[in-house]
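Undergrad: Have a look at the structure that comes next, please.
The values are calculated or read from the model by the stated rules, or taken from the named source; none is laboratory data. Keep in mind it's a predicted model, so treat the numbers as computed, not measured. Here Cβ is always computed from backbone atoms with ideal geometry, including for glycine, and neighbour counts include all displayed protein chains. These area figures cover heavy atoms from the full protein model, side chains too; ligands, DNA and RNA do not enter into them. Shrake-Rupley method; radii C 1.70, N 1.55, O 1.52, S 1.80 Å.
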Amino acid sequence: QVQLVESGGGLVQAGGSLKLSCAASGNIFGFNVMGWYRQAPEKQRELVAVMASSGSANYADSVKGRFTISRDNAKKTVYLQMDSLKPEDTGVYYCNVKFLSSNYWGKGTLVTVSS
């Protein structure tokens, strides 16, 4: 069983920065994809950024150039550096791991960007 624990959310002013971390516990091996999704109030959950164990990454168009995803495979940890934050980045950010045929989610961490 894989468990994910997110940290790093909080309240920040527009233009500020936050760094999210997600540590995975459990047996993860081989090819896997770790990343971040977010859900704003009354909106569907959407992809923010994901990175494969190979190092390739994908970003939502809305965060390209502002957010950077990285991971430490030895620590089974994925990070999301968020810069130039905007009020529309507000939401609950969920860590996700796709591994073999399974899909694991963290409980989420709230990011609030004030204008």
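Undergrad: Just to confirm the filter: which trypsin sites (Lys or Arg not before Pro) across segment 7-61 are DSSP coil and have at most 13 other Cβ within 10 angstrom of their Cβ?
TA: When the trypsin sites (Lys or Arg not before Pro) of segment 7-61 are filtered for loop state and at most 13 Cβ neighbours within 10 Å, K43 remain.
Undergrad: Another question, if that's okay. Please name whichever of S53, T68, G26 sits farthest to the positive end of the charge dipole of segment 1-74, dipole taken about the Cα centre and charges placed at Cβ: Lys and Arg +1, Asp and Glu -1.
TA: In segment 1-74, that residue is T68.
Undergrad: Report relative contact order for the chain in percent, whole number only (criteria: Cα-Cα under 8 Å, sequence separation at least 6).
TA: For the chain, the relative contact order is 36 percent.
Undergrad: Got a number for carbon plus sulfur as a percent of the chain's accessible area, 1.4 Å probe?
TA: For the chain, the apolar C and S fraction of the accessible surface comes to 50 percent.
Undergrad: Taking the Cα centre of the chain as origin, work out the dipole magnitude from +1 charges on Lys and Arg Cβ and -1 charges on Asp and Glu Cβ, in debye rounded to 20.
TA: Here the chain has a charge dipole of around 200 debye.
Undergrad: How much length would be gained if the chain were fully extended between A57 and S25, taking 0.36 nm per residue of separation minus their Cα-Cα distance, in nm to one decimal?
TA: The span from A57 to S25 would gain 9.3 nm if fully extended.
Undergrad: Taking the Cα-to-Cβ direction at K75 and at S115 and moving 7 Å from each Cα, how far apart do the two end points lie in nm?
TA: Distance between the two pseudo-spin positions: 3.6 nm.
Undergrad: Which net charge results for the neighbourhood of V33, defined as the other residues with beta-carbon distances under 12 angstrom from its beta-carbon, given Lys and Arg at +1 and Asp and Glu at -1?
TA: Once all neighbours under 12 Å are counted, the net charge is +2.
Undergrad: Per residue, how many Å² of accessible area does segment 37-100 show with a 1.4 Å probe?
TA: Ligands and nucleic acids excluded, the figure is 53 Å² per residue.
Undergrad: Looking at this model, which pairs from K43/K98; K64/K98; K19/K75; K64/K107; K19/K98 are more than 20 angstrom apart at the alpha-carbon?
TA: K43/K98; K64/K98; K64/K107; K19/K98
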